[in-house]
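The values are calculated or read from the model by the stated rules, or taken from the named source; none is laboratory data. The structure displayed is predicted, hence computed values, not measured ones. Because the Cβ atoms are built from the backbone with ideal geometry, glycine has one as well, and the counts that use them run over all protein chains shown.
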Amino acid sequence: MVKVKQEQNNISPNANNIVIDDDLLVNQARAGNMASIERLILLYQDRVYNSVLKICGNRDDAAELTQDAFVKALQGLKNFRSDSSFYTWLFRIAVNNTLSFCRKNKKLKFESIDARFGPEGRKQLADFLADSASPDPAKIAIGEEIAVIVHRGLEQLEPAQRAVVVLRDIEQMSYAEIAETLDIELGTVKSRIARGRESLRQILEAVLE
Amino acid sequence: MKEFDKTEELLNSYLDGELDERRSTEAKRLIDHDEDVRAKYETLEKYKSLVEALPCDKAPGNTFEEITHRLEREVLWDNSPESSYKAGRRHLFLRRLVTTAAVLFLAAGLFVIIFDVFVPESTRKQFVANFGRERQSQVLYERPFADAKMEPTVVEDVRVEPENSPIVPLSAKLVFKTSAPIQVDMFVGKAIMNRQLFAKTTAVVRKSSSIYYELECDKSDLISLIDDLAILWKKCQDVQMSVETEIFDNYVTIDRISASDVLEICQVQNYNQRMRMAEDISKINAVSPAAMVIEKLYAGGTDIDLNMFELPKPVLTEPEDVQAKTIEDPAKLTIIVQR
């Protein structure tokens with residue numbers, strides 16, 4: 001059964017208040033049921049797009065890569081074995097596609113992180129980090145300027161590190177799911193998360209200096 | 001692995017709730033008792049919450065439509081990897097087929113070129129004529145009823161078509177053997193000039209006992225020239241004609257040839273007929289001296305008709321239009337005046 005994780009990210013696909021059996025939708029889609037295909041797309045399109053955008057950093061590319069992932073996944077439904085969930089399988093296609101895209105477009109470097117931020121955003125970020133109170137993610141509402149800085153900070157990470165951080169902290173995947181999605185060892189997931197977060201910390205602290 | 005990395009991983013795993021109970025207790029104890037670790041953990045917590053708090057971006061409104069359109073296109077164009085594989089195989093097969101056809105075509109072309117260059121024309125024509133014709137096996141058997149009367153077979157007249165022969169332009173030598181070579185030479189030169197054939201005379205060679213004129217001209221000019229030279233026969237002891245065969249430097253030689261025979265041979269278009277006529281006249285002329293001897297024996301008042309010893313000349317039975325064709329044919333004639 002798919003727990004609708006969008007609630008955590010405030011993403012609510014159309015008509016997704018009902019918990020739906022993924023396997024049932026997949027079987028119906030495999031039989032050519034357009035309604036099930038539509039439901040699968042509506043169920044996951046925002047999550048896939050959100051993660052892909054955080055990894056590739058460009059809205060147009062993210063839209064294109066999201067479509068690619070769905071087309072490939074739905075075309076390959078007949079080859080899909082139910083060893084893993086459709087969700088993991090779809091994300092595996094989407095993230096690996098995006099990482100390939102990032103590798104091919106290495107030359108398209110993101111702009112320098114501190115080129116566009118005014119003192120206001122930096123001050124807000126410094127206040128947030130200096131606050132001794134333990135942060136509650138559910139209650140945090142960061143300002144737009146801080147969000148842009150964090151976005152840019154993520155973009156400075158290595159694509160492989162960025163992917164695991166996004167899958168963990170944004171998509172809320174478990175380490176095991178990340179390992180399955182990226183087809184890597186669990187130990188690799190742990191080290192990449194640790195290194196990714198450390199790199200992000202260094203990058204953001206450099207912005208504040 | 002460095003101790004630092006181990007602690008980092010432990011703290012991150014603890015933060016993400018990925019540790020079992022024992023490791024979780026261990027991490028908690030570490031955080032509670034070590035100031036640096038606790039500070040590190042709190043920093044990690046802050047940065048994690050920063051990323052988690054990033055606003056979620058929704059897919060563009062047309063995502064669903066775009067995906068379904070692309071799926072429809074893929075189905076319509078049948079662009080799936082499986083069908084692409086089949087299409088690829090079909091394409092490969094077609095390419096191989098075309099390549100094979102091209103190779104065969106080139107080989108056939110090469111064969112035709114080699115055949116055309118190295119095989120004589122007559123052999124080629126014979127080969128082409130016999131190509132595809134089935135050989136009928138000859139059955140030999142004894143007639144079962146030897147005395148039985150066979151019905152007479154009516155043989156109908158069949159029009160004999162001129163056989164195919166290679167197109168070989170006339171090439172001949174005409175030798176005037178005379179005791180007055182200077183006069184004959186002057187006459188030949190004048191005739192050539194009068195017929196405006198001097199420009200077509202490729203060589204004039206004067207030796208001590210003979211003069212050569214080599215002409216390459218139309219057959220019509222040649223016939224006109226020979227017609228002009230007919231008067232020379234009276235000045236010559238003998239006139240010899242050599243007609244070149246298909247084989248290089250191989251001639252059929254005719255002794256004591258008359259001007260009219262020369263003209264007839266020159267007018268024949270068909271190579272086989274020309275050669276057959278030349279051979280026939282050559283044989284007849286070889287027999288003629290014997291007839292002359294007999295003529296002398298019976299010269300004294302006998303009633304023998306001497307014309308009976310004159311062998312009939314071969315007559316051309318070619319269709320009428322052949323002569324017309326000969327007019328434009330190229331011809332080569334070497335006139336030799338000999339003492």
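What the table below lists for this structure:
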read-out: Residue within segment B:9-16 that is in contact with a helix residue (DSSP H, G or I) (Cβ under 8 Å, 6 or more places away or on another chain), within 12 Å of chain A (Cβ to nearest Cβ) and assigned to a loop (DSSP other than H, G, I, E, B) present; value: yes
read-out: Test: residue in segment B:81-89 that is modelled with pLDDT under 60 and loosely packed, with under 10 Cβ neighbours inside 10 Å; value: no
read-out: Residue list for segment A:172-185, restricted to those being in a helix (DSSP H, G or I) and more than 9 Å from chain B (Cβ to nearest Cβ); value: A:Glu177, A:Ile178, A:Ala179, A:Glu180, A:Thr181, A:Leu182
read-out: Flag for B:Ile192 being touching a Ser or Thr at 6+ places or on another chain (Cβ under 7 Å), in the same structural domain as B:Pro330 (by TED's automatic domain parsing) and either among the β-branched types (Val, Ile, Thr) or assigned to a helix (DSSP H, G or I) (or both); value: yes
read-out: Residue pairs meeting the criteria (Cβ under 6 Å; at least 6 apart or on separate chains; first within 11 Å of chain B (Cβ to nearest Cβ) and without any contact (Cβ under 8 Å) to a residue 24 or more places away in the chain, in segment A:157-171; second of a type outside the set (Val, Ile, Thr) and not in a loop (DSSP other than H, G, I, E, B)); value: A:Asp169/B:Lys48; A:Asp169/B:Glu52
read-out: Failed criterion for A:Ser85 (all others in (1) within 14 Å of chain B (Cβ to nearest Cβ); (2) surrounded by 11 or more Cβ atoms within 10 Å (Cβ to Cβ); (3) modelled with pLDDT of 65 or more hold); value: (1)
read-out: Qualifying residue in segment B:309-318 (condition: over 26 Å from B:Ile211 (Cα atoms), part of a helix (DSSP H, G or I) and at pLDDT 85 or above); value: no
read-out: A:Ser51 vs. criteria assigned by TED's automatic domain parsing to the domain that holds A:Phe80, at pLDDT below 90 and of a type in the set (Ser, Thr, Tyr); value: no
read-out: Listing of helices (runs of 4 or more DSSP H) fully contained in segment A:13-96 that carry 3 or more residues being closer than 17 Å to B:Thr63 by Cβ and in contact (Cβ under 8 Å) with a residue 60 or more places away in the chain; value: A:34-56
read-out: Residue within segment B:235-245 that is at pLDDT below 90 and under 30 Å from B:Val119 (Cβ atoms) present; value: yes
